[in-house]
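The values are calculated or read from the model by the stated rules, or taken from the named source; none is laboratory data. Values in this document were obtained by computation on a predicted structure and should not be read as measured data. A quick note on method: Cβ atoms are made from the backbone with ideal geometry, for glycine too, and the neighbour counts reach across all protein chains shown. Note: areas computed on protein heavy atoms with side chains; ligands, DNA, RNA excluded. Shrake-Rupley method; radii C 1.70, N 1.55, O 1.52, S 1.80 Å.
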Amino acid sequence: MTAEIRFFWERLTANYWFFPALFSICAATLAFVMLWLDRSGAADFLNDADWLIPSRPKGAADMLTVMAGSMIGVASTVFSITLVAVTYASGNYGPRLLTNFLEDRGNQLSLSVFIGAFVYALIVLRSVRAEDETPGSGAEAAATALPGFVPQLSLLVAYAMMALCVAVLVFFLNHIPSSIRINKVLEGIGRRLILAIRETYPVEDEFGDAVEQQGGEPLVAWDSGYVQMIDFEDLEAIAKKCGCTFSLKVRTGDFVHRDIPLMEIDGCQPEDVEARVRDCFTLGAFRTPSQDPQFLIDELVEIGLRALSPGINDPFTAITALHWLGAATADIGRRDLRKDICGGDADDCPVIPLPDGFDHYVKRGFGSIRSAVATSPIAAEVMLDTLSNAATPIRDEKRQSLLREEGRLLAEQARLVLKGPDLDLFESHANKFAKSFWDEAAHE
């Protein structure tokens, strides 16, 4: 249940409407509280303050009207600019990045502040009473020494909110062009990927073998979609209560449809736990980064492939993608890839996930982009350097050999595409790459 709540919160805050709606409610609440303080006489001291000239009803109404009108106008502009940036990014870098920009906290909070200021100004404006209007109550008449009614404290807060909006507008105008720079986009994906790897596989410098799956009766999917979340905690509780073992046949991010096995159950009948187990799987129309580092690897690969396509031909963007892919691969390579589902009782854990081998991540990353890299001399040389650098901190010989094999496959593909001096330079680089691995092996 904890994982479900966390996933629900992540998906809720990822929606572009959530923070504007939340800020609107908070702004409305703040407006009513400020007006109550003004009407109750708590702000009487402002009428006698030497540093503050009390506002007249017409001036207050004009100021709040201008504030409300300008804030909704700026909010519309912010929304339009965000859509333009999203369209540009998804068209140039790939539609998969649409979610990244919509989830961007800078964009969400900028729009939220302007919407909240609009709601606040509109509510406070309603309470301003002109000099020729009759007070609604005796308390309201006593709230100010001036003719009419002006909520001085509420107006002061409105000025502060207007100053905040100006600061947010300056931030937004700097944030948008910065956020669509390809290096910034790749950095965001790369750092998020490395963080996801460290959260998923927290144990470093250990290379244990995955627990062997026990088989059993299959429990199949009931619907079609991507596996967005697996609640391992609830699965563990169900398995221990029923005295059975669950061997998962899917990972988070896999696409399933009806009658595809989700797991194999040993020790009890699938129909006995079917309803409770299915509640532990969340299926959706799209993949999410939650519990799925491979999703972020695919984003880096997608950007690299588009950059190396003949229509774009931007090898330097692909090189940046390769650098972040190499950093993530190096981090994966020095970690224990057994998922710590049951904590200290991992050896007796009744939930056995589908193994995440290092070869799986290498193929999904470097293996997926290899054929496109082979067509670019400079990108091919950089990929060899990246593979060599990724292998440096890895202490497991089998994992190092996978990276060496990936370099060999790249060399084979490059020989089929490159010609003339480009091929000669690449061959020289490939020989240095192979020699570096043999020298390291000899040194060990």
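On the basis of being within 29 Å of the chain's Cα centre (by Cα), farther than 30 Å from G106 by Cβ, open to solvent by less than 50 Å² (accessible area, probe 1.4 Å) and among the β-branched types (V, I, T), does I194 make the cut?
In short, no.
Name, by its number, the condition in (1) farther than 30 Å from F232 by Cα; (2) at pLDDT below 90 that does not hold for S401.
The single condition S401 does not satisfy is (2).
So, of the residues in the range 258-272 that are touching a Cys at 6+ places or on another chain (Cβ under 7 Å) and in contact (Cβ under 8 Å) with a residue 40 or more places away in the chain, which turns out to be least open to solvent (accessible area, probe 1.4 Å)?
Within the range 258-272, the match that is least open to solvent (accessible area, probe 1.4 Å) is I265.
Within the range 197-219, restricting attention to residues that are of a type in the set (A, V, I, L, M, F, W, C) and open to solvent by 40 Å² or more (accessible area, probe 1.4 Å), which residue is modelled with the lowest pLDDT? Don't jump to the end; show me each part of the working.
Start the filter on the range 197-219 by keeping residues that are of a type in the set (A, V, I, L, M, F, W, C), which leaves 197, 203, 207, 210-211, 219.
Filter once more, so that each one left must be open to solvent by 40 Å² or more (accessible area, probe 1.4 Å): 203, 207, 210-211.
Values: V203: 83, F207: 73, A210: 67, V211: 72.
For the range 197-219, the residue satisfying everything is A210.
With the structure loaded, tell me whether F255 is touching a residue at least 12 places away in the same chain (Cβ under 8 Å) and either surrounded by fewer than 19 Cβ atoms within 10 Å (Cβ to Cβ) or among the β-branched types (V, I, T) (or both) or whether it fails that test. Talk me through it step by step, then tell me what you get.
Working: touching a residue at least 12 places away in the same chain (Cβ under 8 Å): yes; either surrounded by fewer than 19 Cβ atoms within 10 Å (Cβ to Cβ) or among the β-branched types (V, I, T) (or both): yes.
Yes; evaluated as a whole, the condition is true for this residue.
Which ones in the range 221-246 are within 29 Å of E299 (Cα to Cα) and open to solvent by less than 60 Å² (accessible area, probe 1.4 Å)? Spell out how you get there, then give the answer.
Pass one, the range 221-246, residues within 29 Å of E299 (Cα to Cα): 221-233.
The answer is A221, G225, V227, Q228, M229, I230, D231, F232.
Just one of the numbered conditions (1) modelled with pLDDT of 85 or more; (2) open to solvent by less than 20 Å² (accessible area, probe 1.4 Å) is not true of T288; which one?
(1)
Starting from residues that are outside any loop (DSSP other than H, G, I, E, B), more than 30 Å from R181 (Cβ to Cβ) and open to solvent by less than 50 Å² (accessible area, probe 1.4 Å), keep the ones in the range 302-354 and report whichever is modelled with the lowest pLDDT. Step through it out loud before you land on a result.
Filtering the range 302-354 for residues outside any loop (DSSP other than H, G, I, E, B) gives 302-307, 315-333, 335, 343-348, 351-352.
Narrowing further to those that are more than 30 Å from R181 (Cβ to Cβ): 335, 343-348, 351-352.
When the remaining residues are screened for being open to solvent by less than 50 Å² (accessible area, probe 1.4 Å), the result is 335, 343, 346, 351-352.
Details: R335: 88, G343: 65, A346: 56, V351: 86, I352: 86.
This residue is A346.
Report the residue count in the range 355-410 for those that are over 17 Å from A318 (Cβ atoms), open to solvent by 20 Å² or more (accessible area, probe 1.4 Å) and in a loop (DSSP other than H, G, I, E, B). Outline the logic, then answer.
Start the filter on the range 355-410 by keeping residues that are over 17 Å from A318 (Cβ atoms), which leaves 355-363, 388, 391-405, 408-409.
Checking which are open to solvent by 20 Å² or more (accessible area, probe 1.4 Å) leaves us with 355, 357, 359-360, 363, 388, 392-393, 395-399, 401-402, 404-405, 408-409.
Checking which are in a loop (DSSP other than H, G, I, E, B) leaves us with 355, 357, 392-393, 395-396.
Residues flagged as over 17 Å from A318 (Cβ atoms), open to solvent by 20 Å² or more (accessible area, probe 1.4 Å) and in a loop (DSSP other than H, G, I, E, B) within the range 355-410 amount to 6.
Among the residues of the range 259-287, what is the count of those that are within 13 Å of A221 (Cα to Cα), of a type in the set (G, A, S) and under 29 Å from the mean Cα position of the chain (by Cα)?
1
Take the range 227-254 and flag every residue that is more than 22 Å from R338 (Cα to Cα) and either among the polar types (S, T, N, Q) or not in a helix (DSSP H, G or I) (or both). Write out each step before concluding.
Here is the first cut: in the range 227-254, the ones more than 22 Å from R338 (Cα to Cα) are 241-243.
Hit for the range 227-254 is G243, nothing else.
Condition test on W51, is it of a type in the set (F, W, Y) and at pLDDT 75 or above? It would help to see each step written out before you state the result.
On the way: of a type in the set (F, W, Y): yes; at pLDDT 75 or above: no.
Criteria not met by W51.
Tell me whether the range 74-91 contains one or more residues that are modelled with pLDDT of 80 or more, part of a loop (DSSP other than H, G, I, E, B) and closer than 30 Å to E299 by Cβ.
Checked against the condition, which is being modelled with pLDDT of 80 or more, part of a loop (DSSP other than H, G, I, E, B) and closer than 30 Å to E299 by Cβ, the range 74-91 yields no hits at all.
Say whether the condition of being assigned to a helix (DSSP H, G or I), open to solvent by 40 Å² or more (accessible area, probe 1.4 Å), acidic (D, E) and in contact (Cβ under 8 Å) with a residue 24 or more places away in the chain is met by at least one residue in the range 411-427.
Taking every residue of the range 411-427 in turn, at least one turns out to be assigned to a helix (DSSP H, G or I), open to solvent by 40 Å² or more (accessible area, probe 1.4 Å), acidic (D, E) and in contact (Cβ under 8 Å) with a residue 24 or more places away in the chain.
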